[in-house]
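No lab work stands behind these numbers, since they all come straight from the coordinates. Remember, it's a predicted structure, so these values are computed and weren't measured experimentally. Here Cβ is always computed from backbone atoms with ideal geometry, including for glycine, and neighbour counts include all displayed protein chains.
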Amino acid sequence: MIHADKQTPVWIGQNQAMPSQRRRLRQLIHRGLLYSLALTLTILGLGGVGFWLIDPQIQTLSDGLWLAFTTAATVGFGDLVPSTPASRMFSVVVVLLGLAVLSLVTASLSAIFVEKEVEAEDRQIEKDLMREISRLRDDVAQLRRDIQHRNGPPPDQGH
């Protein structure tokens with residue numbers, strides 16, 4: 001803390017650190033969402049190729065991708081289903097990975113919304129604190145005037 005004059009403290013660095021921390025947090029959250037989406041596409045792509053290679057009933061890569069998507073999302077429309085024990089075991093892996101990735105994407109999206117709410121709340125708290133500091137400064141100034149009025153003018157120090 002430094003003093004611009006003897007009455008007004010000025011806090012250095014507090015307000016400057018907060019925006020950079022918020023910016024960094026926002027970047028981490030958005031990066032996490034991008035990584036989650038990339039992981040989702042990778043799992044679906046590998047799942048589609050896996051079903052296409054393992055299951056003889058899956059004739060095209062697009063059918064494999066569709067089966068991977070419906071399996072990972074646990075939708076299971078029934079138009080395409082794993083037909084061999086190996087493809088059924090593979091579908092269990094795809095379901096587990098799909099649930100995990102879906103949870104990551106959901107958490108990343110939730111973090112974005114929560115971060116925006118927290119940021120708005122922080123701004124409101126900061127405004128309230130600044131208003132209260134202003135009121136306190138006014139009160140201190142009034143107290144100084146009251147003390148000077150009670151004590152009278154300062155004594156002459158020049159002798």
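When each of the peptides 62-68, 111-117 is scored by how many other beta carbons lie within 10 Å of its residues on average, the order from highest to lowest is 62-68, 111-117. Here the 3J(HN,Hα) profile of the stretch 83-90, calculated from phi with Karplus coefficients 6.51, -1.76 and 1.60 at θ = phi - 60°, is 10, 10, x, 5, 6, 5, 5, 5 Hz, Gly and Pro shown as x. Of the peptides 123-130, 85-92, 49-56, the ranking by mean beta-carbon count within 10 Å, highest at the top, reads 49-56, 85-92, 123-130.
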